[in-house]
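The values are calculated or read from the model by the stated rules, or taken from the named source; none is laboratory data. Not measured: the values here are computed from a predicted model. FYI the Cβ positions are ideal-geometry reconstructions off the backbone, even for glycines, and counts take in every protein chain you see. Note: accessible area is taken over every heavy atom of the protein model, side chains too, but ligands, DNA and RNA are not part of it. Shrake-Rupley method; radii C 1.70, N 1.55, O 1.52, S 1.80 Å.
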Amino acid sequence: VRDCIREEIRALTAYAVAPSEGLVKLDAMENPYLLPYDLQQELSAKLAALHFNRYPDPSPEALKSLLRKNMGIPNEASVVLGNGSDELIQMIMLAAARPGSVMLGVEPSFIMFRMIATFVGMRYESVTLNPDFTLSRDALLSAVTRHQPAVVFLAYPNNPTGNCFDAAILNELLDETTGLVVVDEAYFPFTDHSFLPQLMSRPNLLVMRTLSKLGLAGVRLGFLSGPPSIVEEIDKVRLPYNISAPDQLVATEVLSHAEVLRKQAHLIRQDRDELASMMSEISGVEVFSSEANFLLFRVNDARRVFDGLLHRGILVKDLSRAHPLLSGCLRVTVGTPDENQSFLSALRESAS
Ligand SMILES: Cc1ncc(COP(=O)(O)O)c(C=O)c1O
């Protein structure tokens, strides 16, 4: 009976989430701050009054308007909501997957691009980044010529490397490819770079964002924005009622107080730079510069340092075997100042 499952699915390892109970959780790029108490109280009263017997609004326009206003989405662009941006990645690929069609990504990058391509039966091709994690223009453009991808996915800033690729190269890509180019801006709160302003001047550009890194990872909400003619087609593969009523309510309320999240993101950005500079003073630690809410760093013996941190109650992500370019690399999410201090002390002890 197992043969009923496609070989490529049987060959996959399910997306792994490490147990984190009792640990300082710095492995998943979450915002470490809670919502203010008043807002929590307001939310709990509104949640209690929800009509749980009814399906949610299938296309919540008030929430979309708030997103448009908060994110600066051009008026002429269309917006579709996803149950996290993971669902949007899946919707884009479902809409584009023909037998043999190619999804082009870069390596190392967000693992779900490759996994979802496999789920939907697209051929996954990738361009390996340079050892300093920059993107080679020539390698990218020749891969486009060779594979004629239906879709190119680029995380901007990239996960797990933390950098934004050269915008000039992405612009050339947009000129050269006849396929869709999806710029995944999951880490937009922590960088000044964005392709949103270019949306309507680029017929093949789609931009995705999520509220996850901004402070609402527990609310699964992302959006995809782009030219109406494309977004409306992608919207057809969206399952009905994909955003739950509690998620809609919480996102709408919190976005009405968006300054709370913006202030938290601002703090995280400052703390990231401070953390990076403190980490770089530790001998045996190489820190890569980041425009996201995490830092990638290289140590001599990643497994030993990971275990040393864990033993001291700190959970980070071990990426050292995820890709040859990441050998020796771990990734830490920026936490609260206290969490960052605990991490730094544990790193000093573990890396020595
Ligand atoms: C580049 C990138 N895109 C998308 C996601 C997933 O975001 P969401 O929580 O909205 O599904 C992540 C999560 O780590 C990510 O790093």
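Data overview
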read-out: Residue within region 297-313 that is aromatic (Phe, Trp, Tyr), touching a residue at least 12 places away in the same chain (Cβ under 8 Å) and either more than 26 Å from PHE190 (Cα to Cα) or not in a helix (DSSP H, G or I) (or both) present; value: yes
read-out: For GLN40: the one exception among (1) open to solvent by 50 Å² or more (accessible area, probe 1.4 Å); (2) closer than 26 Å to ASP235 by Cβ; (3) out of contact with any Phe, Trp or Tyr (no Cβ under 7 Å at 6 or more places or on another chain); value: (2)
read-out: Every pair of residues 6+ apart whose Cβ atoms lie under 8 Å, when the first sits in region 325-352 and is at pLDDT below 95 while the second is in a helix (DSSP H, G or I) and surrounded by 20 or more Cβ atoms within 10 Å (Cβ to Cβ); value: ALA351/VAL305
read-out: Region 109-118, residues that are open to solvent by less than 30 Å² (accessible area, probe 1.4 Å) and within 9 Å of the ligand (Cβ to nearest atom); value: SER109, MET112, PHE113
read-out: Top-ranked residue in region 73-85 [being more than 13 Å from the ligand (Cβ to nearest atom) and open to solvent by less than 50 Å² (accessible area, probe 1.4 Å); ranked as nearest to MET112 (Cα to Cα)]; value: VAL80
read-out: Selection status of ALA168, at pLDDT 95 or above, part of a loop (DSSP other than H, G, I, E, B) and among the hydrophobic types (A, V, I, L, M, F, W, C); value: no
read-out: Some residue of region 264-281 being part of a loop (DSSP other than H, G, I, E, B) and closer than 15 Å to LEU347 by Cβ; value: yes
read-out: Condition met for VAL106 (over 16 Å from the mean Cα position of the chain (by Cα), crowded, with 18+ Cβ neighbours inside 10 Å and outside any loop (DSSP other than H, G, I, E, B)); value: no
read-out: Single match in PHE119, PHE153 (criterion: out of contact with any Ser or Thr (no Cβ under 6 Å at 6 or more places or on another chain), part of a helix (DSSP H, G or I) and closer than 20 Å to ILE234 by Cβ); value: PHE119
read-out: Condition check for ALA251: modelled with pLDDT of 95 or more and closer than 21 Å to PRO108 by Cα; value: no
read-out: Checking ASN242 against (1) of a type in the set (S, T, N, Q); (2) outside any loop (DSSP other than H, G, I, E, B); (3) closer than 30 Å to TYR55 by Cβ, the condition it does not meet; value: (2)
